[in-house]
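**Q** Have a look at this one before I ask anything.
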Amino acid sequence: MNRTTQETAHKTIYKRNSMSNINDNNPFFHKYTTPHETVPFDKIRLEHFEPAFIEGIRRDDEHIAKIINNPEPPTFDNTIIDPEEDEEGYYDLLDKVSAVFFNLLSAETNEDMEALAQKMQPLLTKHHNDVTLNEKLFQRIKAVYDNHRELTPEEEMLLNKSYDSFVRSGALLSDKKKEHLRKLTEEASMLSLQFSQNLLKENKAFTLHITDEADLAGLPESQRNAALAAATERNLDGWVITLDAPSYMPFMQYAENRELRKRLYMARNTECTHDNDSNNLEICKRLVNLRRELAQLLGYDTYADYVLKKRMATNIGNVYQLLHDLINAYKPTAIKEREEVIAKARRMEGDDFELMPWDGPYYSHKLQLEKYNVDSEMLRPYLELSKVINGVFGLANRLYGITFKENKDIPVYHPDVKAYEVFDRDGSYLAVFYADFHPRKGKQGGAWMTEYQGQYIDRKGKNVRPHVSVVMNLTKPTHDKPALLTLGEVETFLHEFGHSLHGMFANTRFESLSGTNVWWDFVELPSQFMENFSLEKEFLSTFAFHHETGAPMPDELIDRLISGRNYNCASACLRQVSFGLLDMAYYTQKDEFTADIIPFEKQAWKDAIISPQLPDTCMTVQFSHIMAGGYSAGYYSYKWAEVLDADAFAVFKKEGIFNPATAQRFRDCILSKGGTEHPMTLYKRFKGSEPTIDALLERNEIKK
């Protein structure tokens, strides 16, 4: 339900007594006194969350009761939005505590928080169902939907979104079916949480402890130092390799010890398949069935049909058309890429050598060196984190005129996190930006953008600015070296930063339509668009300086890098397509899903697979995006948005990659508009026409 309907309400008589029983030391019950009213992480304790959740639910219930008991006829202004401004943020409590708790559950969790999550999740799911299945509330919303005053386009979008969200949550079902839906959503919510907790537990439980330095053969100095630091953190002698990306991926690429590569590969690719409490196989099967049942209860054949109703792709056929078009375009090149890697391996190891999955990154890297004489270690000395930060911020300044200033008075939840004030071109305050850079024990893998406060315009006309955060797992500094990144990590930073720009530039009236609150196959456009700059010489020249000598990255190295930009890009494309096929295979099920996950997986994505599959490995049980992360029946979105981002960047290439007028048009037409209009309308307003796949094929040199 949208913020103004569910969370921000008019004042109530109850306020005169409501605060008397609240713990005065709980920061959630008071207006934040920090800069820009940012979250006072330094004052929040574990014991503050539960009472804030309970009180937040109670306040929501109170607010909804006042809406449905209003004797006045339902109108847009007294039902969809609220009749009075909530000056004290009284009804924002649940939203406020949820943002902090669930963001920390991903970025800085521990066993106590995970236990509390298990306790709170059923209450929160029940509360959500209580709202969306409230017949009296829905009847008021439906009355407005059927008969309302003339609305602005944004108001109309809000009304449609509010009505649709209730219908898609079961508001039109019979009481019996509503009760069944409650059970389905409550169970799915708990299983999604359990899935994530199992994956984090498995990931952090494994380490490859090396005591013989000979086993480090092939590893560059940067990786040896990182492995030494990881061992020291654990009070161990020798070196430690973990399953976190900055440790795992370089080891697979550089380590000469094939048996250790195999051990590491199998550890990562069999996570949550073992006979222990962290096994996710049955959880995944049940989640697929719960979502299928939910969709069919709501009148859809499959869960994918339900999801795609609110996506640019619109239907299953269009998704499969995209995926198979990409297979047809990229697969011949991907097969050639693999054959080249096999040939390289056999030149090194003999004609009988069989390339296994744990060999691919190692020999692919050797071939990349042979063909282009470039790799990530050559680039690391020029990609020192603080310089990369300056480069990314400088790019935003050059494109949009915004500036970033670190403010150490803004509390953060971990020393790795930096907090910045962001100012617009005219010097006015725009947003707060948090950046959380490095892996650690209580942090999920991967990278993501989130918000602690969304943007909206209150009833007095104040533009409440957002507090956005990007969370990553980039290479950590060592005892004698700063954090030196790979180009892939720079791309990750740019990707999440693109999401954050979508949030920071938000300029809409309603929070539920602002920033990244757009259709899921559109939300990746701003993020993937920013990745394009990573291989632009004009961008690299602004920050890529040697961390010791200060010398710029040599033009000759940049030229080699650019010449090899499409190395193995077809294989990378097929990998993403395979994930999309797997996702669709699960969520286009019409009947009860009873298959064994592992063999089903291998059959589902076979059209996009060009190398032998191992019988014991499994992606599904660690595929957070589609099991616990909101991309169920939506993973194709990355490739859908890649078509958009290549098409959009082609406009910049034509008009100038730093052209301020083009950037301003991108900001005005897409980044600031959020979900206030249909995404294709926004895109065509920026470009002047619908996107085509041609720019992507040309960028990847698939189409000359």
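**Q** Using beta carbons and a limit of 7 Å, which pairs, at least six apart or on different chains, have the first residue in the range 491-509 and under 20 Å from E536 (Cα atoms) and the second one of a type in the set (D, E, K, R)?
**A** Taking only residues 6 or more apart or on different chains, the pairs are E491/E531; L494/E531; H495/E531.
**Q** Additional query: Any residue at all in the range 509-521 that is part of a helix (DSSP H, G or I), open to solvent by 40 Å² or more (accessible area, probe 1.4 Å) and modelled with pLDDT of 95 or more?
**A** Checked against the condition, which is being part of a helix (DSSP H, G or I), open to solvent by 40 Å² or more (accessible area, probe 1.4 Å) and modelled with pLDDT of 95 or more, the range 509-521 yields no hits at all.
**Q** Does G634 satisfy the criteria of being among the small types (G, A, S), within 21 Å of K285 (Cβ to Cβ) and modelled with pLDDT under 95?
**A** Spelling it out, it is not the case that G634 is among the small types (G, A, S), within 21 Å of K285 (Cβ to Cβ) and modelled with pLDDT under 95.
**Q** At pLDDT 95 or above and surrounded by fewer than 20 Cβ atoms within 10 Å (Cβ to Cβ) - does that describe any residue in the range 2-18?
**A** No, the conditions are met nowhere in the range 2-18.
**Q** Could you list, in sequence order, the residues of the range 388-429 that are in contact with a Pro (Cβ under 8 Å, 6 or more places away or on another chain), open to solvent by less than 30 Å² (accessible area, probe 1.4 Å) and assigned to a loop (DSSP other than H, G, I, E, B)?
**A** G401, N407, I410, P411
**Q** Would you please name the residue that is modelled with the lowest pLDDT, looking only at residues in the range 372-387 that are open to solvent by less than 60 Å² (accessible area, probe 1.4 Å) and over 22 Å from N473 (Cα atoms)?
**A** V374
**Q** Now, a different point. For residues that are buried (at least 21 other Cβ atoms within 10 Å of the Cβ), among the hydrophobic types (A, V, I, L, M, F, W, C) and outside any loop (DSSP other than H, G, I, E, B), tally how many sit in the range 253-268.
**A** Result for the range 253-268: 1.
**Q** Another one. Residue under question is A628, and the condition is that it be over 29 Å from Y567 (Cα atoms), open to solvent by 20 Å² or more (accessible area, probe 1.4 Å) and in contact with a helix residue (DSSP H, G or I) (Cβ under 9 Å, 6 or more places away or on another chain); does it hold?
**A** Yes, satisfied.
**Q** Yes or no: A217 out of contact with any Asp or Glu (no Cβ under 6 Å at 6 or more places or on another chain) and closer than 23 Å to G360 by Cβ?
**A** In short, no.
**Q** Looking at D591, D668, D645, D607, which is the one that is under 30 Å from Q296 (Cα atoms) and part of a helix (DSSP H, G or I)?
**A** After ruling out the rest, the residue left standing is D607.
**Q** Shifting gears a bit: Can you tell me which residues in the range 342-369 are assigned to a helix (DSSP H, G or I) and either free of Cβ contacts under 8 Å to residues at least 40 places away in the same chain or open to solvent by 60 Å² or more (accessible area, probe 1.4 Å) (or both)?
**A** I342, A343, K344, A345, R346, R347, M348, E349, Y363, K366, L367, L369
**Q** Are there any pairs with C-beta distances below 7 angstrom linking a residue in the range 520-538 that is at negative phi to a residue that is assigned to a helix (DSSP H, G or I) and among the acidic types (D, E), with the two at least 6 apart or on different chains, and if so which?
**A** L525/D645; S527/E496; Q528/E642; Q528/D645; F529/D645; E531/E491; N532/D645; S534/E491
**Q** What number of residues within the range 650-673 satisfy the criterion of being of a type in the set (K, R) and free of Cβ contacts under 8 Å to residues at least 60 places away in the same chain?
**A** Qualifying residue count for the region: 3.
**Q** Something else now. Is there a residue being more than 13 Å from V288 (Cα to Cα) and open to solvent by less than 20 Å² (accessible area, probe 1.4 Å) anywhere in the range 589-600?
**A** Checked the range 589-600: no residue is more than 13 Å from V288 (Cα to Cα) and open to solvent by less than 20 Å² (accessible area, probe 1.4 Å).
**Q** Inspect the range 451-472 for any residue being open to solvent by 10 Å² or more (accessible area, probe 1.4 Å), closer than 30 Å to L379 by Cβ and either basic (K, R) or part of a strand (DSSP E or B) (or both) and give the result as yes or no.
**A** no
The values are calculated or read from the model by the stated rules, or taken from the named source; none is laboratory data. Nothing here was measured: the structure is a model prediction, and the numbers come from that model. Ideal geometry is used to build each Cβ from the backbone, glycine not excepted, and the neighbour counts take in all protein chains shown. Keep in mind that these areas ignore ligands, DNA and RNA; they rest on the heavy atoms of the full protein, side chains included. Shrake-Rupley method; radii C 1.70, N 1.55, O 1.52, S 1.80 Å.
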